[in-house]
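For reference, the structure discussed in these notes is given below.
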Amino acid sequence: MAGLTTLMLTAGMPHSYALAPVMHTADVREGMTGQAYTVVDSSGVIKNFDVSIVGTIDNGKGSNEMIMAKADGPLIHQVGGILQGMSGSPVYIGGKLVGAVAAGLKDMTPYTFFITPIDNMLPLWQMPDNKNKTRIRTIDLRKYAADQKKAKEEAEKKAKAGTKDDKELQSFLDKELAKIKAKEEAGKQDRDKKAAENKKAAESAQTKAEETAPAEAGQAKTADSKTQAEPAASQAEQAAADKPAQAEQKTAKKAEPKDVLYLSGFNQAGIRFLQDKLPLGSRYQLLPVSGSLGAQQLDTDYDAELRPGDPVGVAIVYGDFAVGATGTVTATDDRRILAFGHPFLHKGNVNYFMTKASVVGTISGVSNGMKMANIGAIIGRINQDRDTGIAGTLGDFPSVVPIKVKVLDQSLGRAEHYAARIAYDEDFLPQLSGGVTYAAMSKVADTLGGSTANVKFTIRTNAVKEGKVERSNMFYNTADVGQIAVAEVMQAMNIICGNTDKESDILDLQVEVTMDNERKTASILSVVPDKVKVHPGDTVKFTVTIKPYRRDKETLLINYTVPENQRAGALNLDVRGGGLVPVTNFMLLQQSGIDVATPDDKKKTTEDKLHDFQQTGRNNEIIIAPGASPVELTEKQKRAAMREAQRVVEEAARKAKAEGHKANLLGVHKKATNTGETKFTTKYIIDNVLHTTLQVERK
């Protein structure tokens, strides 16, 4: 213990806490006692509790060993046992570091837990780090803080006044805590029941001992014979108590409690969105932190220090919205740290924020009591997220994707700006980008049901030569327009993150959303061309009548140019909303059972896919383009149509080969000219399609 005291008191040089002497797992023995260190309240003081070793568990070849232990002492009884958030608390025996508190045992005494051996955590410092390699520098965090200071001060004033979102979050948190208390009460009843069963087992053992005693002892029961029966009863009681513990040793992995991710800035709708979209499975519970993280969120501590036993945070989103978790530092060596004793998201080599954490207090429970803590200032980068814990470096910061979302609700006359940074993780970027945008919309708007949303976004990236991907569209939904409004943001980010050639750099994402609590849809009633007989290259003026929802009819004039290479005969045109999928000759061929090879989308570059995405029809566009026949064809006509479609496919392929690029049979290339498609932007979401026919005559 003297060695540990020296470590805690003399490691005073800035930024440098040397690794303590370690005790290898092979040297750990049953019955050894030591101390664990952690912070349990807002004082920030590292306190200790007693630990006794039960034994070492080997989970088989290829698995990491675990050390089973029991906690004792005034502190641990005060807080109610081993809690979530204590993970990573260092355990010392004789001044040597044994490992990290990792997990309590579900449905058993909260004082029994596992220790992840330090032997299994130290290799995290030597594991390869290939993340954080994007060529775009991270933003200046000091400048970011200064730029956002005014906005934060206004947000803090609003938070003090109390908003509907804060009340919803507080209500949500109250419900979660109520669940924990209910489980605690149920667990208490369960423990009382088990205690009664153990007592009964002990009494049964005592009776059996008396029945099997020698006859002479039975004939002359004395105080001594009663005393001899007590050890037997004690052994039976201990055996009954050890049986569930033995069962738990065999299912150590199942004993781990559900991990908690803390969310800040998200309301209930935003939390549900992330729960549905993030690939987390059922292992994680998303728990809101009431209110905003506040001004501390804007701070970056470039000279932070951490000691074994200190709280520490890890985050994948940071800013007006935050997603992360907190735990305890296990070991430090200069600027390197080890923590948690178990995975955060179990992603291997990662690129996440390392943050300070401030403990609020503890909530005891049967199997899911927790040490509540807030995520604080950014202090470094987490680069390893492994089975045995997390590792990172102080003063080293992750690559990030800044996201700014501006939301205007015209019905309420309310506008808000939100800013956050998402750690560059290609597996989570699309979902988190959509999640932040959705949460911003749901917080500003009174409701997302029955609303129309105009969404415009810009992604600055080197994935395209132009340096940015831009897209705007309109959306309407009776239930929740936000769910579909963020889909294209996620789709674009998915394409960029799915680049098979290289890791694309993303400078930032900017989203503007204008919402109206009104249905802005329209149907096409009629389409009338100014002439029916046309020649290739002619311009036809279409008079298009539309009927907006619960509004008067409107008449639009749309020019359409007949393709120069259009063959003589009927030219069937679709006049449709841009969001409706057209029926093409190529599709007709497939539906008719003709084996036509589909262009291999996998051969397209990321830039090609992004260009195609940007050219995709928008919901508020009227598109006039060649389409399927509007009438039922005879068998002879169908065969002729299929021959014609086959000719188109072959001609496109020959042309592509001659010009040295791929055929584009299902879409329109951005640089293509005279494609036979016209796009006309309206103020409404067009929800149907009409057909018309022109008669083409060759000159």
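The values are calculated or read from the model by the stated rules, or taken from the named source; none is laboratory data. Predicted model, so just to flag it, every value in this text is computed and none were measured. Quick reminder, even Gly has a Cβ in these numbers, built from the backbone with ideal geometry, and neighbours come from all protein chains shown. Surface areas here come from the heavy atoms of the whole protein model, side chains and all, with no ligands, DNA or RNA. Shrake-Rupley method; radii C 1.70, N 1.55, O 1.52, S 1.80 Å.
In table form, for the structure just shown:
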{"item": "Links that overshoot a 29 Å alpha carbon limit, given the list Lys277/Lys604; Lys609/Lys683; Lys533/Lys604; Lys277/Lys679; Lys531/Lys683", "result": "Lys533/Lys604; Lys277/Lys679"}
{"item": "Solvent-accessible surface (1.4 angstrom probe) belonging to Asp530, in square angstrom, nearest 10", "result": "90"}
{"item": "Set Lys47/Lys356; Lys47/Lys404; Lys131/Lys443; Lys443/Lys603 screened for pairs whose C-alpha atoms are more than 30 Å apart", "result": "Lys47/Lys404; Lys131/Lys443; Lys443/Lys603"}
{"item": "Probe 1.4 Å, protein heavy atoms only - accessible area per residue of region 515-580 in square angstrom", "result": "50"}
{"item": "Per-residue SASA entry for Ser442, accessible area with 1.4 Å probe, Å² rounded to 10", "result": "20"}
{"item": "Carbon/sulfur fraction of accessible area - region 343-483, other protein chains in place, 1.4 Å, %", "result": "44"}
{"item": "Loop-located trypsin sites (Lys or Arg not before Pro) in region 466-562 whose Cβ has at most 14 other Cβ within 10 Å (DSSP)", "result": "Lys502, Lys531, Arg550, Arg551, Lys553"}
{"item": "Probe 1.4 Å, protein heavy atoms only - accessible area per residue of region 395-465 in square angstrom", "result": "32"}
{"item": "Rel. contact order, % - alpha carbon contacts under 8 angstrom, at least six apart, region 334-394", "result": "48"}
{"item": "Accessible surface of region 51-98, 1.4 Å probe, proportion on carbon and sulfur as whole %", "result": "47"}
{"item": "For Gln285, residues with placed amide H under 5 Å, excluding near neighbours", "result": "Asp259, Val260, Leu261"}
{"item": "Computed label-point distance, nm, for sites Lys679 and Thr545 using a 7 Å Cα→Cβ extension", "result": "2.9"}
{"item": "Accessible surface ranking that places the most exposed of Asp505, Asp301 first, with a 1.4 angstrom probe", "result": "Asp301, Asp505"}
{"item": "Interchain or long-range residues, amide H under 5 Å from Val360's placed H", "result": "Met372, Ala373, Asn374"}
{"item": "Accessible surface, 1.4 Å probe, highest first, among residues Glu30, Glu305, Glu607", "result": "Glu30, Glu305, Glu607"}
{"item": "Solvent accessible area, Å² - His417, 1.4 Å probe, full protein context", "result": "130"}
{"item": "Rounded to whole Hz, the Karplus (6.51, -1.76, 1.60) HN-Hα couplings of region 402-419, x for glycine and proline", "result": "x, 10, 10, 10, 10, 10, 10, 9, 5, 5, 9, x, 10, 9, 9, 10, 10, 9"}
